[in-house]
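A.B. asks: Below: one structure in structure tokens.
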Amino acid sequence: MVLISCKNCHKVYQREDYSSFVCTRCNHKVRKRIKDSLQVSLALVVSAIFLYIPAMVYPMMEVTRFGVSIESNIIEGVISFLEYENYFIAFVIFTASVVIPLIKLVGLLLIFVSLKIHTRMSNKTKILVFKFIEAIGKWSMIDIYVVAILASVIQMDELFNIKGGIAATSFALVVIFTMVAAHRFDTRIIWDEQRKS
Amino acid sequence: MSVDTNKVIECYGCGLFIDKPSVEKKKLFKCPRCNSKISLDKDHSFDSLYYAISSLLLFAILNIYPIVSLNVNDNILKATLIGTVSILFEQNFFVVALIVFFTIILAPVLNSLAIILSFIQMHTRFKLFTDTVLHDAFHFFKQWGFIEVFIISIIVTYIKLIGMVSSTKFDIGFYVMLVYIFCFYMSNVKFEGKNVFGD
């Protein structure tokens, strides 16, 4: 006899084997582990890595003042804040838009790779890194919201105007893809892989 | 060997099944193997319903007033919650506009509605959705509602704008939003999704 629980409503069952069945409480399919969790999460992380490049290279915002348009990407935005000695905002934007997405992508990739290649990272550390990635996930949206609020408030045609840049779409997708990847990943397989090896 | 399945709980961090009785008194405990926090079932509180209703009412008020306003050459410029989404649509950023609309408007509102409907369905004979739909909706919209991130973005925008235009100020909408976030957070904290199944 084995124990198996519904990940959706957390009801625990005692069964003969690990074959899937429908939960009597919430009607969702109960499986031992989420199906193709590693493959789907890895595919999303790889897509997010590809999207991270245009998000950093292309302009995030276009500011028009007296008919003159200046486009700036995330890094240029951070540098301009440093030049204006606005260190707090520079730190917030740099952390939320550059560091956090990078930590999420590298962290998730490291966890996924460590399942197939032996690394020194203990399972407890992997879980800790994963929980941290899950917790900080949504905070990268700050820059997107800032651009949206600025664009909505500064609308004076050619005199003073702020528009979103083409990097906004890639950046928003990086955030969503990494969040879905983290949500879709079943951390229990970290311990399964250790048992197998 | 038969196990009382009501007395065990699975840690979704590592897949270990743990006995519940020894930790019954605690609302939160850690898995002995992976150290992940495991939350136990909590009692349903009507406070959650009151907070959810308050959230919805505050959300309606919040949409009337601007969040940030500034004065440039006698032109009063204002930012509203709906305005932040509509401008993205106007500038043809459809994907970003949809993401922003979903995360700051739709998900928080539907989260509060899911809580209110759960209480209505639990305590009356009125059935609009199945228990599964309400349970899933609550968890899904809770995860994808980023209103707390949005308020930090407003503060960042304010600091950014004050450097360009000194007349920038927080408007009524911002203060309503602070109260709204408190009510929204409390409605989620006091609500136990599993209780919609009535077990």
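The values are calculated or read from the model by the stated rules, or taken from the named source; none is laboratory data. In this text the structure is predicted, and so the values were computed from the model without any measurement. Glycine also receives a Cβ, built like all others from the backbone with ideal geometry; neighbour counts cover every protein chain displayed.
A.B. asks: For B:Met122, which of the numbered conditions (1) at the interface with chain A (Cβ under 9 Å from one of its Cβ atoms); (2) in contact with a Gly (Cβ under 8 Å, 6 or more places away or on another chain); (3) surrounded by fewer than 17 Cβ atoms within 10 Å (Cβ to Cβ) fails to hold?
C.D. replies: (1)
A.B. asks: Right, something else. Being of a type in the set (A, V, I, L, M) and more than 9 Å from chain B (Cβ to nearest Cβ) is the requirement here; does A:Val146 meet it?
C.D. replies: Working: of a type in the set (A, V, I, L, M): yes; more than 9 Å from chain B (Cβ to nearest Cβ): no.
Answer is no for this residue.
A.B. asks: Mind telling me which of the residues B:Phe93, B:Phe89, B:Phe101 ends up being free of Cβ contacts under 8 Å to residues at least 24 places away in the same chain, within 14 Å of chain A (Cβ to nearest Cβ) and surrounded by fewer than 15 Cβ atoms within 10 Å (Cβ to Cβ)? Even if it seems obvious, please write down each step before you answer.
C.D. replies: Values: B:Phe93 fails: surrounded by fewer than 15 Cβ atoms within 10 Å (Cβ to Cβ); B:Phe101 fails: surrounded by fewer than 15 Cβ atoms within 10 Å (Cβ to Cβ).
Step by step, each of B:Phe93, B:Phe89, B:Phe101 is checked, and only B:Phe89 is free of Cβ contacts under 8 Å to residues at least 24 places away in the same chain, within 14 Å of chain A (Cβ to nearest Cβ) and surrounded by fewer than 15 Cβ atoms within 10 Å (Cβ to Cβ).
A.B. asks: Here's something else I'd like to know. Tally time: how many residues in the stretch A:167-182 are facing chain B (nearest Cβ under 9 Å) and touching a residue at least 12 places away in the same chain (Cβ under 8 Å)?
C.D. replies: The total comes to 6.
A.B. asks: Are any of the residues in the stretch A:139-158 touching a helix residue (DSSP H, G or I) at 6+ places or on another chain (Cβ under 8 Å), crowded, with 24+ Cβ neighbours inside 10 Å and farther than 30 Å from B:Asn75 by Cβ?
C.D. replies: yes
A.B. asks: Taking A:Val57 as the residue in question, decide whether it is modelled with pLDDT of 90 or more, surrounded by fewer than 20 Cβ atoms within 10 Å (Cβ to Cβ) and not basic (Lys, Arg).
C.D. replies: yes
A.B. asks: Only residues that are within 24 Å of B:Ser54 (Cα to Cα) and either crowded, with 19+ Cβ neighbours inside 10 Å or away from every other protein chain (no Cβ under 14 Å) (or both): list them for the stretch B:150-180, please.
C.D. replies: Selection gives B:Phe150, B:Ser153, B:Ile154, B:Ile172, B:Gly173, B:Phe174, B:Tyr175, B:Val176, B:Met177, B:Leu178, B:Val179, B:Tyr180.
A.B. asks: Being free of Cβ contacts under 8 Å to residues at least 60 places away in the same chain, touching a strand residue (DSSP E or B) at 6+ places or on another chain (Cβ under 9 Å), closer than 30 Å to B:Leu161 by Cβ and assigned by TED's automatic domain parsing to the domain that holds A:Phe185 narrows it down to one of A:Ile70, A:Ile89, so name that one.
C.D. replies: Details: A:Ile89 fails: touching a strand residue (DSSP E or B) at 6+ places or on another chain (Cβ under 9 Å).
Only one candidate passes the filter, namely A:Ile70.
A.B. asks: Continuing with this model, one more query. A:Val99 passes all but one of (1) within 13 Å of chain B (Cβ to nearest Cβ); (2) modelled with pLDDT of 85 or more; (3) within 28 Å of B:Glu148 (Cβ to Cβ); which number fails?
C.D. replies: Result: A:Val99 passes all but (1).
A.B. asks: Right, another one. Residues being in a helix (DSSP H, G or I) and in contact with a Cys (Cβ under 8 Å, 6 or more places away or on another chain): count how many of those fall in the stretch A:162-187.
C.D. replies: Qualifying residue count, the stretch A:162-187: 0.
A.B. asks: What pairs come up if the first residue lies in the stretch B:2-17 and is more than 7 Å from chain A (Cβ to nearest Cβ) and closer than 14 Å to A:Arg33 by Cβ, the second is in a loop (DSSP other than H, G, I, E, B) and of a type outside the set (Phe, Trp, Tyr), and their beta carbons are under 8 Å apart, counting only those six or more places apart or on different chains?
C.D. replies: Pairs that qualify, where the first residue is more than 7 Å from chain A (Cβ to nearest Cβ) and closer than 14 Å to A:Arg33 by Cβ and the partner is in a loop (DSSP other than H, G, I, E, B) and of a type outside the set (Phe, Trp, Tyr), are B:Cys11/B:Cys31; B:Cys11/B:Arg33; B:Cys11/B:Cys34; B:Cys11/B:Ser36; B:Leu16/B:Cys31; B:Leu16/B:Pro32; B:Leu16/B:Arg33; B:Leu16/B:Cys34.
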